[in-house]
Amino acid sequence: MSKRREFQVREDEGGLRQDLFLVRRLPEYSRNRIKELIENGLVLVSGRHLKPHHPLSPGDLVEVDLPLSPRLSPDPEPIPLDIIYEDESIIVLNKPPGLLVHPVREGQGGTLVNALLFHAGRLSNVGGILRPGIVHRLDRDTSGVMVAAKNDQAHAELTRQFKDRMVGKEYLAVVRGVPPAVHDQITYPLGRTYRRRTRMTVRYLVGREARTEYDVLERFKDFSFLRLVIKTGRTHQIRVHLSRLGCPVLGDKEYGTRSGKGDRVMRAPRQMLHAHRLRFLHPLTREPMEFIAPLPEDMEEILALLRKDKDKR
């Protein structure tokens, strides 16, 4: 069952992206929810299914089929959390590798959201019903420090800081190969691939700006240990940038390479990427805050093995 809403694009709304137009006309729905409706084929623009970013023209008729059945929110689950800091507004935690941040469909469990709901009881609703409290994300197999919002005010302020590039984000990675410089910046623009929308690639003409700074902390024969600071927050940014540089993150099944020596270190259990440090202003007090998540055991073991092999030479 659904309810159809129709909107005519006014002259002053011409050029607006389809998703942003509907956010204005349907303020009770989050932008993520609007995007879901579009991608699920529930929105027609003058009889056509278009991409969320497609610009509208004055006079276009936008028809939206809004499902009447209520969406199911994620269930609280007693999944252990490594809490670094918590107050009435935010939760800062060290996410373990292998944990998905939020459900991608109704009824899915075993995610960080399920764990946060069990721990906190209530989280912000700004990000949509499947993503309560989630201000930013880490890939499933990326470990490290994250911040979640307990209320809408904190969520909105933290989102603003991320959008305005006020948040400091530092990562550590073990990569295959050795970068061409000890310190440099990678600036390839990024966008989604045409055939697989979940995969990112370098897109010179239509890609979005992406900047990753790196420092080589240690060099080994065929591997490196890097410190990375991202100035933008594009999906899979570090992984795509390092892969294009010729130094893919060790254990990265999506953007890594199958070529090279069959070294035992290549049996990394997951991508060796860790969100090490996060800096932001407290959303309520505006106090500068900095949090560090120590290097996880699996990365420590890989580095110990590399150092041992290096000492033998």
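Taking the range 186-227, which residues are within 17 Å of Leu273 (Cα to Cα) and small (Gly, Ala, Ser)?
Ser224
Does the range 10-38 hold any residues that are more than 21 Å from Asn125 (Cβ to Cβ) and under 23 Å from the mean Cα position of the chain (by Cα), and which are they?
Arg17, Gln18, listed by residue number.
What's the number of the condition Gln153 fails, among (1) farther than 28 Å from His241 by Cα; (2) in contact with a Cys (Cβ under 7 Å, 6 or more places away or on another chain)?
(2)
Consider Val175 carefully, then state whether it is more than 28 Å from Met289 (Cα to Cα), buried (at least 22 other Cβ atoms within 10 Å of the Cβ) and either touching a Ser or Thr at 6+ places or on another chain (Cβ under 7 Å) or acidic (Asp, Glu) (or both).
Yes; evaluated as a whole, the condition is true for this residue.
Of the residues in the range 23-58, how many are surrounded by 13 or more Cβ atoms within 10 Å (Cβ to Cβ) and within 22 Å of Ile134 (Cα to Cα)?
14
Can Tyr204 be described as farther than 23 Å from Gly144 by Cα, in contact with a Pro (Cβ under 8 Å, 6 or more places away or on another chain) and aromatic (Phe, Trp, Tyr)?
It is true that Tyr204 is farther than 23 Å from Gly144 by Cα, in contact with a Pro (Cβ under 8 Å, 6 or more places away or on another chain) and aromatic (Phe, Trp, Tyr).
Just to be sure I understand the filter: pairs with C-beta atoms under 6 Å, separated by 6 or more residues or on different chains, first member in the range 166-179 and farther than 16 Å from Lys231 by Cα and assigned by TED's automatic domain parsing to the domain that holds Ile230, second member among the basic types (Lys, Arg) and at pLDDT 95 or above. Which pairs pass?
Val178/Arg219
Could you identify the single residue in Val145, Val113 that is in a helix (DSSP H, G or I) and in contact with a His (Cβ under 9 Å, 6 or more places away or on another chain)?
Going through Val145, Val113 in turn, just one is in a helix (DSSP H, G or I) and in contact with a His (Cβ under 9 Å, 6 or more places away or on another chain): Val113.
Taking the conditions exactly as written (part of a strand (DSSP E or B), in contact with a Leu (Cβ under 6 Å, 6 or more places away or on another chain) and touching a residue at least 24 places away in the same chain (Cβ under 8 Å)), does Leu99 satisfy them or not?
no
Among (1) in a loop (DSSP other than H, G, I, E, B); (2) in contact with a Pro (Cβ under 9 Å, 6 or more places away or on another chain); (3) surrounded by 13 or more Cβ atoms within 10 Å (Cβ to Cβ), there is one condition Asp252 misses while meeting the rest; what is its number?
If we test Asp252 against (1) in a loop (DSSP other than H, G, I, E, B); (2) in contact with a Pro (Cβ under 9 Å, 6 or more places away or on another chain); (3) surrounded by 13 or more Cβ atoms within 10 Å (Cβ to Cβ), just (2) comes out false.
Of everything in the range 142-183, what is at negative phi and among the basic types (Lys, Arg)? Give them in sequence order.
Of the residues in the range 142-183, the ones at negative phi are 142-143, 145-164, 166-176, 178-183.
Passing the criteria: Lys150, Arg160, Lys163, Lys169, Arg176.
The values are calculated or read from the model by the stated rules, or taken from the named source; none is laboratory data. The model shown is predicted, which means the values in this text are computed figures rather than measured ones. We place every Cβ from the backbone using ideal geometry, glycine too, and count neighbours over all the protein chains shown.
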